[in-house]
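Data first, discussion second: the structure below is written as structure tokens.
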Amino acid sequence: MNRLTLFFSACSRFMLMGIFWVAVRLLYDVEFHGLEHVKGKRPSYFAMAHKRDMDPMVEIPSVLARQGWRAMADDVYFAMRSDAFAPGFLGQVVMYPRWFSRALRLLSLGSVLRFLGIRPLEDLHQRPAEMWIQDFIRAEGDMLAGDVLAPAFLQQLADTTGENIDSLSRQRLSHLLSWRYQAALQEFYSIDILQQQKHWHTKSTILSQLKQELTELRNWLARGRSIWGAPEGQLSPKGSNGRITAILHRLLRPGSASTSIVPITIVYDFMTVKRARIFVDIAPSILYDPQSPAQEINEQLRRTWLMSARFTCTQLASGFVVRMSKAAAPFFTLSDLVAAIEQEAARLAETGRHVDQRLLDHQSARKRAAAFMQYAERRKLVSRVAHDLYEVAGCDLAMEVRPGRTGYAEYPLAYAWNELQDMLQIEMPVESEQVALPLSQDAA
């Protein structure tokens, strides 16, 4: 990259990060903790626990600003899901209004993303149906849909679009990439949308692309540069942290033994009618040892994420509501909720866990609890039976979330409950177990 191109790339990244910083703070209150752990460490792998699509917008400007201007300008590559580089990605992100989505579909982000230092990483397991079809056409040609796609997927597509399955089967795959089918092909699927005999060659093609992408990122680390990524490989669908994929080790194991993993945890205090809060906690770095078993490193990173996560009103109040739903008389007052939140917050803080400091002050805790209750009433999670008496109205913790999606908007209580249980389930001292066990046992 020549100096002029590098200059424009740096300017573009600075401008984009500035836009992210302003946009996030217009909508949310954001708190960072532990930024001192990222200053000057290179090469680094910034390992974010991925909860929502907007996580990088919240985290990147402040974290990289603390590491230095070179990190913001060009020292860090951002590993991103590969479908962002595919034609029509913007139309997938912005689905409504439909006319606007169709206009965005004409734009391709691939070259722009690369210019900004963003690099693709293939997902071998879950991808939008549209992307499976695009890749198959590039690898093997434009064949009849009935000769390539699994009958079950074709039937589902026919049911969604109201078309006859026999008619769909006779169409070329390229016909399915037309606007008519765009919305139906944005859901995430495994390779099983293809017929069994088409699996091997398609998988080998994607694996070859992944190897090339990993080689580029490894070379970047070998030059003493850094990478920002999500070791889980996808968003958290139901609130708990996901399994760390093998990609982390395929990327870091052949590289420098001095690479530092920087664990970054984000928690949203979103069940409120007031301005939502976001807490970002950065833990001390983990020095990657290529000789250590992958499972050992995974457990260390996961434990660090969970120990760093900050308990908020959303999680603690949700835990109280779930416990009350199991009680013989599921009635409570706002004061009952406030007392429970304060007690849990104090106990967690005493054991060294991270807690929203506002929950340790009575007036602030009461305000947060009141805003939670208003939210819960609006979502029909609780109902008011008297002036200051509430009843748990709905406490279904089942979640049906499609791959690649998140359930916090549709299932807020279940999402927050799962997040709370995830944060509490790691090994803790005896005093901490006294906090965790009642929550878990009541929900059993």
Enumerate the residues in the stretch 113-130 having an amide nitrogen under 19 Å from the point lying 7 Å beyond the Cα of L207 toward its Cβ.
121-127
Report the dimensions of the chain along its three principal axes from the alpha-carbon atoms, largest first, rounded to Å.
65, 56, 41
With the alpha-carbon atoms as the only input, what is the per residue convex hull volume for the stretch 311-442 in Å³?
111
If you rank H362, H33 by fewest surrounding Cβ atoms within 10 Å, what's the result?
H362, H33
To make sure I understand the rule: partners must be aspartates and glutamates, Cα under 16 Å from the Cα of K367, and not fewer than 8 residues away in the same chain. Which ones qualify?
D29, D269, D336, E342, D356, E377, D388
Assuming R0 = 51 Å, what is the FRET efficiency of Y96 and S364, from their Cβ-Cβ distance, to the nearest 0.05?
0.85
On each of the three principal axes of the Cα atoms of the stretch 1-129, give max minus min coordinate, whole Å, ordered largest first.
44, 39, 32
Once you put a point 7 Å from the Cα of D29 and another 7 Å from the Cα of F115, both along the Cβ direction, what distance in nm separates them?
3.9
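Would you mind ranking S62, S292 by Cβ crowding within 10 Å, fewest neighbours first? Before the final figure, lay out the partial values.
Values: S62 18, S292 13.
Ordered by Cβ neighbours within 10 Å, fewest first: S292, S62.
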Determine, at each q value in 0.10, 0.21 (inverse angstroms), the log₁₀ of I(q)/I(0) that the Debye formula gives when each Cα of the stretch 47-193 is one equal point scatterer.
-0.43, -1.38
Expressed in nanometres to one decimal, the distance between label points 7 Å along Cα→Cβ at F8 and S169 is 5.2
Using the charge dipole of the stretch 196-354 (Lys, Arg: +1 at Cβ; Asp, Glu: -1 at Cβ; taken about the Cα centre), state which of T351, V338, A294 has its Cα farthest towards the positive end.
A294
Compute the FRET efficiency between S258 and E296 as 1/(1 + (r/R0)^6), taking r as their Cβ-Cβ distance and R0 = 25 Å, and round to the nearest 0.05.
0.85
May I ask you to compute the full-extension gain from R347 to D388, defined as 0.36 nm times their residue separation minus their alpha-carbon distance, rounded to one decimal in nm?
12.1 nm
Taking a cut-off of 14 Å, what percent of all Cα-Cα pairs in the stretch 153-229 are separated by more than that?
74
Expressed as a whole number of Å, what is the distance separating the alpha-carbon centroids of the stretch 295-351 and the stretch 81-147?
39
Largest first and in whole Å, what are the equivalent-ellipsoid semi-axes of the stretch 84-166 based on the Cα gyration tensor, each being the root of 5 times an eigenvalue?
26, 18, 11
Which links in K39/K211; K203/K238; K274/K380; K51/K274; K238/K326 stretch past 25 Å when you go from one Cα to the other?
K39/K211; K203/K238
The chain, relative contact order [Cα under 8 Å, separation at least 6], %
19
Neighbour-count ranking [beta-carbon atoms within 10 angstrom, fewest first] of S9, S260, S308
S9, S260, S308
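No value in this document is a laboratory result; all are computed from the given coordinates. All values reported here derive from a predicted model rather than from experimental measurement. Cβ: placed from backbone, ideal geometry, glycine included. Neighbour counts: every protein chain shown.
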